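The values are calculated or read from the model by the stated rules, or taken from the named source; none is laboratory data. For clarity, every value in this text was computed on a predicted model and none was experimentally measured. Using ideal geometry, Cβ is built from the backbone for each residue, glycine included, and neighbour counts are taken over all protein chains shown.
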Amino acid sequence: TYESDFVSEATWHTHRFTTSQFIASFRGRSVQAPPLSFSDVIELGILIADKQEGSFRLQLKTIKSFKQ
């Protein structure tokens, strides 16, 4: 798994990620792995990991790739 963190905001916001922002991990721990290549990505997941109780809402309008 490769992961990258971002902070959600109360208003619409565009997040752009580059491959260098992703860190390889296994069960929450960093591991040695080749750099991420977006052309190899076949699935995307979102995990809420702030350990805060209560309601949470995240709306996604679009997910798309762009040339780096």
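Structure notes:
- Looking only at region 26-61, and only at residues there that are aromatic (Phe, Trp, Tyr) and more than 22 Å from Trp12 (Cα to Cα), the one that is nearest to the chain's Cα centre (by Cα): Phe38
- All positions within region 33-53 that are in contact with a strand residue (DSSP E or B) (Cβ under 7 Å, 6 or more places away or on another chain) and either of a type in the set (Gly, Ala, Ser) or more than 15 Å from Ser65 (Cα to Cα) (or both): Ala33
- Region 11-36: number of residues that are in a loop (DSSP other than H, G, I, E, B), of a type in the set (D, E, K, R) and within 16 Å of Ala49 (Cα to Cα): 1
- Counting residues in region 48-67 that are exposed (fewer than 10 other Cβ atoms within 10 Å of the Cβ) and in contact with a helix residue (DSSP H, G or I) (Cβ under 9 Å, 6 or more places away or on another chain) gives one or more.
- Single unsatisfied condition, Lys64 versus (1) of a type in the set (D, E, K, R); (2) within 14 Å of the chain's Cα centre (by Cα); (3) modelled with pLDDT of 90 or more: (3)
- Ala49 being modelled with pLDDT under 85, in a loop (DSSP other than H, G, I, E, B) and among the hydrophobic types (A, V, I, L, M, F, W, C): yes
- Filter result for the condition that a residue is of a type outside the set (D, E, K, R) and outside any loop (DSSP other than H, G, I, E, B), over Ser39, Ser65, Ser8, Ser55: Ser39
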